[in-house]
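The numbers here are math on the coordinates, done by the rules we state, and not lab data. This one's a predicted model, so the numbers in the text were calculated from it and none came from an experiment. In this analysis, Cβ positions are derived from the backbone assuming ideal geometry, glycine residues included, and neighbour counts consider all displayed protein chains.
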Amino acid sequence: MTFIFVLVGWIFSLCLHEFAHAAVAFLGGDTSVREKGYLTFNPLRYVDPIASIFVPLVFLLLGGIGLPGGAVYIDARRLRSRWWACAVALAGPAANLAIAGVLVLVLSTSTMVRNAAAPPLAFLALLQVTALILNLLPVPPLDGYRAIAPFLPRNLQMTFDRWGSVPLFILLLVLWFVPFVSSWFWLTTFRIAAALGIPLALAGLGLRQFRIFW
């Protein structure tokens, strides 16, 4: 039950993350997102079976990290300014933060804390924090990079764009195999989660219940 609960919740948060990108892009001038069908919560519009389900699921099972999954394709040429492009990039992480806040509010009710749904909810909230931190790192093609990319020299942007997702995979390897980087990531995650009011003990229990499925 925890596995299904977290998986469905993560897919929903993925959709909300991408919907936020699309909605801000629409406000900023890229009306093509409406024709592409991005202004919807239909996961089929954003989900790629490998990038959005399999790879994030593997990392959830191995390390409890919420990886970015689906993607919306924004026509940056239609946006009214570089600041709108920056806002589009930051809208996704803002959605993760908002979801975490809502989950904390739900968990704060006394009946829910005693409920069996509390551990998976806490774990799902913690996943939002990992996604928030990961996405804000200024590494292509993550949102943190996309937020600063409009202000970089064009030739530098083109160079980074040619690398595709290679920097992201290098980052994941560093997070996994370099202890001090991994320690920084998790310490930052736990500090932000605690500041938001996420019960870390319940989140840890939710992670263990999630892995029991396997």
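Summary of values
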| item | result |
| --- | --- |
| Size of electric dipole in the chain: Cβ of Lys, Arg +1 and of Asp, Glu -1, about Cα centre, debye, nearest 20 | 160 |
| Extended-chain gain in nm, criterion 0.36 nm per residue less alpha-carbon gap, residue 117 and residue 169 | 15.4 nm |
| Space enclosed by the convex hull of the alpha-carbon atoms of the chain, per residue, Å³ | 123 |
| Difference of contour (0.36 nm per residue) and Cα-Cα distance, residue 191 to residue 137 | 17.8 nm |
| Relative contact order [Cα under 8 Å, 6+ residues apart], the chain, whole percent | 24 |
| Estimated FRET transfer efficiency (residue 83, residue 158; beta-carbon r; R0 30 Å; 0.05) | 0.90 |
| Length released on extending from residue 12 to residue 200, taking residue separation times 0.36 nm less the Cα-Cα span | 65.5 nm |
